[in-house]
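The values are calculated or read from the model by the stated rules, or taken from the named source; none is laboratory data. What you see is a predicted model, and the numbers here were worked out from it, not measured in a lab. Glycine also receives a Cβ, built like all others from the backbone with ideal geometry; neighbour counts cover every protein chain displayed. Heads up: the accessible areas ignore ligands, DNA and RNA and are worked out on the full protein's heavy atoms, side chains in. Shrake-Rupley method; radii C 1.70, N 1.55, O 1.52, S 1.80 Å.
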Amino acid sequence: MDKVAINLTVNGRNRQALVPPRMLLSDFIRHELELPGTHVGCEHGVCGSCNVLVDGKAVRSCLMFAVQTDGARIGTIEGMGADGSLHPIQEAFWEEHGLQCGFCTPGMLVAATELLAEKPDPSEEEIREAISGNLCRCTGYEFIIKAIRSAAQKLREGNGAAQTESA
Amino acid sequence: MKPAAFEYECPQQLDAALALLNDANSRILAGGQSLVPMMNFRLATPSRLVDINKLPDLDYVRDAGDAVEIGALARHAQVYASNEVAQHFPIMKAAYEWIAHSAVRNRGTLCGNLCHADPASEMPAIMQVLEAQLTLSSASGARVVVATDFFKGSYETAIAADEMLTMLSISKPAPGTGWGFEEVAMRKGDYAWCTVAATLQLSSGKIASARVAVSGVDACATRLSDAESSLDGQAPDTELFANVAASAALAVDPADNVAVSADYRRDLVRTLMPRVLQAAVESAG
């Protein structure tokens, strides 16, 4: 099938590509854009590891075709933080041991980014709900919840509030 | 785990989209939260995808006087958060607590969910209880089908290959209508093992206009007319609810699967239905 030209913004940078329609957004991000921070776990929308931000909303990149992102604004884990420094949400995951193997972490950070953009001071229930679509096989989730609560506080206190939008 | 090749069309106008549905192996791509996993597994191998995401003016949830209208591109997240739904259909809000996860609700559409007609899906049951009207459009015109006639079987609906569900219209319930919703699933967001939904009214202490539906226990979400006629005209009563639920548990035809047995699903109908009816009575005014 014919390739289709797409023009999109990824982590603030304009990207243009020719993609076959059947190429998943997750594969496009990893293999064509060479941004391997987006992890592919189940490839059928269950695990949440491949979550990215599309126009500010968390979506499963394994359940979208790259061709659908023409004109979209995509945010991946590589777009968090700046100049080698961690984003406050990443910092909080580091400090609170919100990861062990790290496989689920990019998807968790995307889920947390969306949550904290909408609810700067989420309850524990809201945090649990927000990450309910993301599987983690290491942490038992408790440290992730703690990390997101700590990240919320950091962001409320203005530590790097300006960076949230770029992710 | 990669989809088979397909031809991709992304029309900018509804007429152009409908014209592309002339081929029986064309599929509409809306939110893609059910279709794309099926394509990844190659359970679905459409030769052409008609992506409707760029069609204008279909992403509405709007008050239309006696009804609330929901367009083909209204995402679950948008419906879930809408004031119209919160105000008129608390039963939908309650169901949404059980439906998927935020990243899936951000993309998935309510209309697409209904067309997919998964046997364990909640909204097909809710739409039947609310007697929603579905506008099915094709290149040759449009027709309206009520939700109780729309669901035909497992992943099977009344929609023809060249039709698209363009709008859902849900009449606002009469004042004082009570509602109940209960579900059991392995985890919230997973496939329902059993969903029971009901609305009813109370007239001089007697139940009227009872509507009861189950999902997850039959080939598709189903209204239970026997249960409804056993309730109408009766005073709410624990024993009545237990009897209605016991009959319903025998009437449904669940299948065994690896996670849950048919007998257990019948038990869930028996257990959840009285709770749902009790909640409906308590919320009726």
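A simple count of charges around residue A:99, restricted to other residues whose Cβ falls under 13 Å of its Cβ and scoring Lys, Arg +1 and Asp, Glu -1, yields -2. Per-residue mean of foreign Cβ neighbours for A:60-66 is 6 (Cβ atoms of other chains, 10 Å radius). Calculate what fraction, in whole %, of the accessible area of segment A:60-142 sits on carbon and sulfur atoms when a 1.4 Å probe is rolled over the protein chains. That share works out to 51 percent. Sequence-ordered 3J(HN,Hα) estimates for segment B:53-60 from the Karplus curve with 6.51, -1.76 and 1.60 and θ = phi - 60° stand at 5, 9, 5, x, 6, 10, 9, 9 Hz, glycine and proline given as x. Computed over segment A:44-163, relative contact order equals 33 percent, with contacts defined as Cα pairs under 8 Å that lie 6+ residues apart. The mean sequence distance of close C-alpha pairs (under 8 Å, at least 6 residues apart), as a share of the length of chain B, puts its relative contact order at 16 percent.
Computed on the Cα trace of chain A, the radius of gyration divided by the Kirkwood hydrodynamic radius gives Rg/Rh = 0.97. Charge tally for residue B:64 (other residues, Cβ to Cβ under 12 Å; Lys, Arg +1; Asp, Glu -1): -2.
Each residue, residue A:32 and residue B:250, gets one label point 7 Å from its Cα in the Cβ direction; the gap between the two is 6.0 nm.
Structural descriptor for segment A:88-157: relative contact order 53 percent, calculated from alpha carbon pairs under 8 angstrom and at least 6 residues apart.
Averaging 1/r over every pair of different alpha carbons in segment A:4-79 and inverting the result gives a Kirkwood radius of 11.9 Å. Each part reduced to its alpha carbon centroid, segment A:65-80 and segment B:229-279 end up 47 Å apart.
What Kirkwood hydrodynamic radius do you get for the protein assembly as shown when you take the inverse of the mean 1/r over all pairs of distinct Cα atoms, in Å?
It works out to 23.2 Å.
Remark: the residue B:146-residue B:238 segment gains 29.9 nm on full extension, using 0.36 nm per residue and subtracting the alpha carbon distance. Helix B:262-283 and the longest principal axis of the C-alpha atoms of chain B enclose an angle of approximately 70°.
Taking only the C-alpha atoms of segment A:88-157, the Rg (one decimal) and the largest Cα-Cα distance, Dmax (whole number), read 10.5, 31 Å. Computed over neighbours whose Cβ is under 12 Å from that of residue B:120, the net charge equals -4, Lys and Arg +1, Asp and Glu -1. Projection of the Cα convex hull of chain B, averaged over all directions and equal to a quarter of that hull's surface, yields 14.5 nm². Annotation: per residue accessible area for segment B:231-274 equals 53 Å², rounded to a whole number [probe 1.4 Å, protein chains only]. The angle between the Cα long axis of helix A:105-118 and the longest principal axis of the Cα atoms of chain A comes to about 70 degrees, rounded to the nearest 10. Estimate the FRET efficiency between residue B:209 and residue B:23 by the formula 1/(1 + (r/R0)^6), using the beta-carbon distance for r and 51 Å for R0, to the nearest 0.05. The calculated FRET efficiency here is 0.75. The alpha-carbon positions of segment B:174-285 define a convex hull whose volume is 93 Å³ per residue.
Simple spin-label estimate for residue B:47 and residue B:81 gives 4.1 nm between the two label positions (7 Å along the Cα-to-Cβ direction from each Cα).
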